[in-house]
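The values are calculated or read from the model by the stated rules, or taken from the named source; none is laboratory data. The model shown is predicted, which means the values in this text are computed figures rather than measured ones. In this analysis, Cβ positions are derived from the backbone assuming ideal geometry, glycine residues included, and neighbour counts consider all displayed protein chains.
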Amino acid sequence: MASPLSPPRSAATLLSVVLSVMLGVLLLLARPVPVAAAMDYAKQVLIGADFHGADLRGVTFNLTNLRDADLSEADLRGASLFGAKLQDADLSGSDLRDATLDSAVFEGTDLRNARLDDAFAFNTKFRDVRIDGADFSNVPLRGDALTTLCATASGTNPVSGRSTRDTLNCP
């Protein structure tokens, strides 16, 4: 028999259920929100695609044909463009920091004012690229690529404030 000071059994059960539901809701709200997986555009033909100003952090464009694509002002930090074809693509003002550019083909590509700090581009091909104001800080480049880039390097990156020639360590 319940004492006169204790709540009736049904009230105690109801209180227990309400507290359990509240605790469950709090646990659901406290869970970390899953991070959306980066997009994977590997091995696609994206000729003339418009990615102007897009958030493409961590996106994979491995072996993708991006000829004539507009990637200007895009955030490509940590993106992988391994073996990508970027002939006549516009990457002006884009952020390619920490990107993988190895074996990519930059021919007629616009890299003006782009940030490439810490990108990996050792086997990347550069031919007839525009690099005025591009920042190549800490980018490993082959000797022939460095010679090609230094031949036309000029300007200062508007964001980092570094000279293109200085970031390439041009003589």
Qualifying positions in region 133-168 - part of a loop (DSSP other than H, G, I, E, B), over 19 Å from residue 99 (Cβ atoms) and among the polar types (S, T, N, Q): 154
Please verify whether residue 82 is modelled with pLDDT under 95 and surrounded by fewer than 23 Cβ atoms within 10 Å (Cβ to Cβ), treating the condition exactly as stated. no
Could you say whether any residue in region 109-119 is of a type in the set (Ser, Thr, Tyr) and part of a loop (DSSP other than H, G, I, E, B)? yes
Test for residue 104: is it touching a Gly at 6+ places or on another chain (Cβ under 8 Å), crowded, with 22+ Cβ neighbours inside 10 Å and over 23 Å from residue 160 (Cα atoms): yes
Select from region 119-144 the residues that are touching a residue at least 12 places away in the same chain (Cβ under 8 Å) and of a type in the set (Asp, Glu) and write down the one among them that is surrounded by the most Cβ atoms within 10 Å (Cβ to Cβ). 135
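Go over the candidates 69, 38 one by one and state the one that is farther than 16 Å from residue 116 by Cα and at pLDDT 95 or above. Don't jump to the end; show me each part of the working.
Working: 38 fails: at pLDDT 95 or above.
Unique residue meeting the criteria: 69.
Listed here are the residues, each with its yes/no results for (1) within 20 Å of the chain's Cα centre (by Cα); (2) at pLDDT 95 or above; (3) over 20 Å from residue 80 (Cα atoms).
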position: 102; (1), (2), (3): yes, yes, no
position: 106; (1), (2), (3): yes, yes, no
position: 115; (1), (2), (3): yes, yes, no
position: 125; (1), (2), (3): no, yes, no
position: 130; (1), (2), (3): no, yes, yes
position: 136; (1), (2), (3): yes, yes, no
position: 147; (1), (2), (3): no, yes, yes
position: 152; (1), (2), (3): no, yes, yes
position: 155; (1), (2), (3): no, yes, yes
